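See below for the structure under consideration.
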Amino acid sequence: DLATALNDRGQVRYLRVEFAAAVQDFTAAIECQPGFEVPYYNRGLVRYRLGDFDEAMKDFRKVLELNPQFEDAALSLKQAILDKEEKLKRGY
């Protein structure tokens, strides 16, 4: 289906370090199928990697709202929270 295809293309773009394009694909996949948790997780990973911890945490929380058993999302959320705290401690 379209949401899966968009998510898959986003994965390819992520691996090619085309982060803006990957975020666009993951967002489009979410718009196609709002209950599909995987593109939220993938978009969260890109945002985390870009240092946008607040937006990454929103995506990881949405994944867990849709699928509380998604362990990687729970771990990623914890890491994003820790990294944001560390960033704030260091003052940047």
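The values are calculated or read from the model by the stated rules, or taken from the named source; none is laboratory data. Note that the coordinates shown come from a computational prediction; the quantities given were computed from them, not determined experimentally. Cβ sites come from the backbone with ideal geometry, for glycine too, and all protein chains shown count toward neighbours. Each accessible area value is taken on the protein alone, full model and side chains, heavy atoms only, with ligands, DNA and RNA left out. Shrake-Rupley method; radii C 1.70, N 1.55, O 1.52, S 1.80 Å.
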Fill in: Under-17-angstrom lysine pairs by C-alpha in region 2-91, whenever the two are 8 or more apart or on separate chains
5
Response to the item:
For LYS87 and VAL12, extending 7 Å from Cα along the Cα-Cβ vector and measuring point to point gives, in nm, a value of 3.0 nm
Worksheet, complete the sentence: Matching label for the computed Rg and Dmax of the Cα atoms in Å, out of (i) 22.0, 77; (ii) 15.9, 65; (iii) 13.1, 44, is (iii)
Fill in: Relative contact order (%) - criterion: Cα under 8 Å, at least six apart; region: the chain
20 percent
Response to the item:
With all protein chains present, the chain has a carbon and sulfur share of its accessible area (1.4 Å probe) in percent of 52 percent
Item to complete: Which order do the peptides 78-87, 41-50 take when ranked by the mean count of other beta-carbon atoms within 10 Å per residue, highest first?
Response: 41-50, 78-87
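Would you mind calculating the gained length between ALA20 and ASP1 on full extension (0.36 nm times residue separation, minus the Cα-Cα distance), in nm to one decimal?
Details: separation 19, 0.36 × 19 = 6.84 nm, distance 2.25 nm.
Here the segment from ALA20 to ASP1 would lengthen by 4.6 nm.
Using the beta-carbon distance between ASP54 and CYS32 and R0 = 25 Å, what value does 1/(1 + (r/R0)^6) give for FRET efficiency, to the nearest 0.05? Mind dumping the intermediate values first?
Numbers: r = 25 Å, r/R0 = 0.98.
The computed FRET efficiency comes out at 0.55.
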